[in-house]
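The values are calculated or read from the model by the stated rules, or taken from the named source; none is laboratory data. All values derive from a computational prediction rather than experimental measurement. For neighbour counting, all protein chains shown are included, and Cβ atoms are generated from backbone atoms with ideal geometry for every residue, glycine included. All accessible areas refer to the heavy atoms of the entire protein, side chains included, with ligands and DNA or RNA removed. Shrake-Rupley method; radii C 1.70, N 1.55, O 1.52, S 1.80 Å.
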Amino acid sequence: PMAFGTMIVFLLASSLLITLLALTDATQQRYGQQITTLEDILPKDSLKIYDTRGTMLYQAIDQGLQTTIPLSKISPYLLHAEIATEDQNFWGNSGYDITGIARAALSDLTNGHVVQGGSTITQQLIKNAIVGNQTTITRKLQEIILAPDVTRKYSKEQILSMYLNTIYYGEQAYGVDAAAFT
């Protein structure tokens, strides 16, 4: 019985490892190129039409309001508030936070439904720009697989800037500038 039990555990562990390796390879093949072009595939600013004096005449908002601004123009209070709320370990993590994911999973299991998220700012950027927002374990694993690549390719400042300029704040406002305007 002991040998049989050990063999079952070994087979289950091997199967899990092979499945994770296959998912990692498939994720890299499917989304790897999009990490390289992440800045290019993010939503663009709303179309704006100006007169010759620089006064805005019209802004297309049918897809929502969005204006990209540099990180240096965003209030440090807002930066600190977003990091404190969304990803307290942002500056030190490699794009994912296993402790946060485990905490959220435990809370969700305890409550019987999703009540807490465990995604980092990097994972949320990946979800919004690359893998989509379907609520599946596969999507969460894809975020975790891609997060270190994004963290290697882009600085933390670039990731935070991309996130803050594209995240949905409600009322058709995408990004902090649009949210402040709205």
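Exactly one residue out of Leu42, Leu23 is under 23 Å from Glu157 (Cα atoms) and in contact (Cβ under 8 Å) with a residue 24 or more places away in the chain: that is Leu42.
Restricting Ile61, Ile49 to those that are more than 30 Å from Ile145 (Cα to Cα), touching a residue at least 24 places away in the same chain (Cβ under 8 Å) and open to solvent by 60 Å² or more (accessible area, probe 1.4 Å) reduces the list to Ile61. Here the range 81-132 is the region considered, the condition is being free of Cβ contacts under 8 Å to residues at least 40 places away in the same chain and among the charged types (D, E, K, R), and the residue that is least open to solvent (accessible area, probe 1.4 Å) is Asp87. Per the listing Ile130, Ile137, Ile74, Ile126, the residue uniquely farther than 24 Å from Thr27 by Cβ and of a type in the set (Val, Ile, Thr) is Ile74. Answer yes or no: is there a residue in the range 19-36 that is part of a loop (DSSP other than H, G, I, E, B) and either of a type outside the set (Ser, Thr, Tyr) or open to solvent by 70 Å² or more (accessible area, probe 1.4 Å) (or both). No, the conditions are met nowhere in the range 19-36. Condition test on Thr67, is it farther than 18 Å from Ala178 by Cβ and either open to solvent by less than 70 Å² (accessible area, probe 1.4 Å) or not acidic (Asp, Glu) (or both)? Criteria not met by Thr67.
Output the residue which, of all residues in the range 52-73 that are aliphatic (A, V, I, L, M) and under 29 Å from Ile159 (Cβ atoms), is modelled with the lowest pLDDT. For the range 52-73, the residue satisfying everything is Ile61.
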